[in-house]
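The values are calculated or read from the model by the stated rules, or taken from the named source; none is laboratory data. Remember, it's a predicted structure, so these values are computed and weren't measured experimentally. Cβ atoms come from the backbone with ideal geometry, glycine included; neighbour counts cover every protein chain shown. The accessibility values were calculated without ligands, DNA or RNA, using every heavy atom of the protein model including side chains. Shrake-Rupley method; radii C 1.70, N 1.55, O 1.52, S 1.80 Å.
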Amino acid sequence: MKSKILDAVGISAAVLCLIHCIVFPLLLIIPLGISHNPYIDLAFLLIGAWVVYRVTKQVTHFWLKFLFWGSIALIAVSVTADFIFELHIPLIYAGAAGLITAHLINFKNHKH
């Protein structure tokens, strides 16, 4: 039961991250006086990594663990590039989509 709750938290965080990553650049076009804050991306990464760590302790399929941790790695590369080089790499979109997919598969595979 605990893993289902973690999957729900993970799906929610990944969807919010994806919405943030898609909508925020559009808001930068409009002169509202806001700017990008990479610490928000870092917060999503840390939440996602914590949830993935907790979920993958119970996952038995290697390919699903790989999808979880590969998605976190894509997000981590993108966030790191943003902090070091101030470069926005679109790997974060693939990572968020991968996390959503992995959580949905894991949620569906639960014994009800």
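Can you tell me which residue among I105, I19, I84, I89 is open to solvent by 40 Å² or more (accessible area, probe 1.4 Å), in contact with a Ser or Thr (Cβ under 7 Å, 6 or more places away or on another chain) and not small (G, A, S)?
On the way: I105 fails: in contact with a Ser or Thr (Cβ under 7 Å, 6 or more places away or on another chain); I19 fails: in contact with a Ser or Thr (Cβ under 7 Å, 6 or more places away or on another chain); I84 fails: in contact with a Ser or Thr (Cβ under 7 Å, 6 or more places away or on another chain).
Answer to the check: I89.
Which residue pairs have Cβ atoms under 8 Å apart, sit 6 or more places apart or on different chains, and have a first residue in the stretch 18-36 that is over 22 Å from F85 (Cβ atoms) and a second that is surrounded by 14 or more Cβ atoms within 10 Å (Cβ to Cβ)?
L18/Y93; L18/A96; L18/A97; L18/I100
From the list S12, S35, which residue is surrounded by 13 or more Cβ atoms within 10 Å (Cβ to Cβ) and of a type outside the set (A, V, I, L, M)?
Details: S35 fails: surrounded by 13 or more Cβ atoms within 10 Å (Cβ to Cβ).
Criteria check complete, one pass: S12.
Sort out which residues of the stretch 48-59 are open to solvent by 50 Å² or more (accessible area, probe 1.4 Å) and modelled with pLDDT of 90 or more, and write them in order of number. It would help to see each step written out before you state the result.
Our first condition is that a residue be open to solvent by 50 Å² or more (accessible area, probe 1.4 Å); within the stretch 48-59, this holds for 50, 53-54, 57-58.
Selection gives W50, Y53, R54, K57.
Of all residues being over 19 Å from L104 (Cβ atoms) and either in contact with a Gly (Cβ under 7 Å, 6 or more places away or on another chain) or without any contact (Cβ under 8 Å) to a residue 40 or more places away in the chain (or both) in the stretch 38-47, which is surrounded by the fewest Cβ atoms within 10 Å (Cβ to Cβ)? Just the residue, please. Steps first, please.
Taking the stretch 38-47 and keeping what is over 19 Å from L104 (Cβ atoms), we get 38-43, 45-46.
After this cut, where a residue has to be either in contact with a Gly (Cβ under 7 Å, 6 or more places away or on another chain) or without any contact (Cβ under 8 Å) to a residue 40 or more places away in the chain (or both) as well, the list is 39-40, 43, 45-46.
Working: Y39: 10, I40: 14, A43: 14, L45: 21, L46: 12.
Looking at the filtered set, the residue picked out is Y39.
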